[in-house]
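Single-structure report; data block below.
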Amino acid sequence: MTEQLDGFRDALASGDPDEVNPAIEELKEMEAEERAELFDDAFEMCLELYEEGNGYQRQSVVRFARELAPRRRLFEVVEQADSEAEVSDHLMPGDTKQALDRLEEFYLAALDDDDGRVRRAAIKGLKNLTVTYQMAGFEDRIDEILARLNELMAKVSGKKLEHIQQARQNVQFSKGPTLKEMISDGLNDE
């Protein structure tokens, strides 16, 4: 596991798309359980590399972090889960709330990055996370993210403001009935 993480670190630190993209693809191909085992150490690695990297490296790190808990796997898990605790059993070991909080903070910080490529990667990550929250009925988390985005919007202008507005629209779209409620309502209508 450490050797694999070292390989990911080297690829992301290189800033070379020919190394970064295969590393992200390798992560995508891993089984969900393997990614869950990697989550804590890989996320710490991402935080370190983000802080020390240039724009492309920071964008790559956000893309990599997005694959640690990919949307497809989030959807599968949420569909079967009745609570945040059950989601954590399948996605990330340990304290789910802490892991989700860390992902949210990471994406929100990346939305304030000076590089537009980084902000666009963060928009996608935040969208994946909030759609999952919506499906699971974690409305309070969506409301918290909207409040944070409103705070960010008040402090920025230009392209950064446009990107944060786009992220806010995506999150706002996530509000509404959960997937389970929509299916249930559809069945009740028949």
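The values are calculated or read from the model by the stated rules, or taken from the named source; none is laboratory data. Please read all numbers here as calculations on a predicted model, not as lab measurements. Heads up, the Cβs are rebuilt from the backbone with ideal geometry, glycines too, and the neighbour counts pull from every protein chain shown. The area values use the complete protein model at the heavy-atom level, side chains included, leaving out ligands, DNA and RNA. Shrake-Rupley method; radii C 1.70, N 1.55, O 1.52, S 1.80 Å.
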Check: Carbon and sulfur: what percent of segment 1-72's accessible surface (1.4 Å probe)?
Finding: 39
Item checked: Selection from Thr2, Ala36, Asn21 lying farthest towards where the dipole of segment 1-64 points positive, charges on Cβ -> Asn21
Next item on the list: At 7 Å along the Cα-to-beta-carbon direction for both Asp143 and Glu44, put a label point, then send me their distance in nm to one decimal.
Entry: 3.5
Check: To the nearest 0.05, what FRET efficiency results for Ala154 and Glu51 with a Förster distance of 25 Å applied to their C-beta separation?
Finding: 0.50
Check: Which of the residue pairs Lys28/Lys160; Lys28/Lys155; Lys28/Lys159; Lys155/Lys175 have a Cα-Cα distance greater than 26 Å in the structure shown?
Finding: Lys28/Lys160; Lys28/Lys155; Lys28/Lys159
Notebook entry, point to check: Which whole-Hz couplings ³J(HN,Hα) result when phi for each residue of segment 25-41 is put into the Karplus expression 6.51 cos²θ - 1.76 cosθ + 1.60, θ = phi - 60°, listed in order with x for Gly and Pro?
Noted result: 5, 4, 4, 4, 7, 5, 5, 4, 5, 5, 5, 4, 5, 7, 3, 4, 5
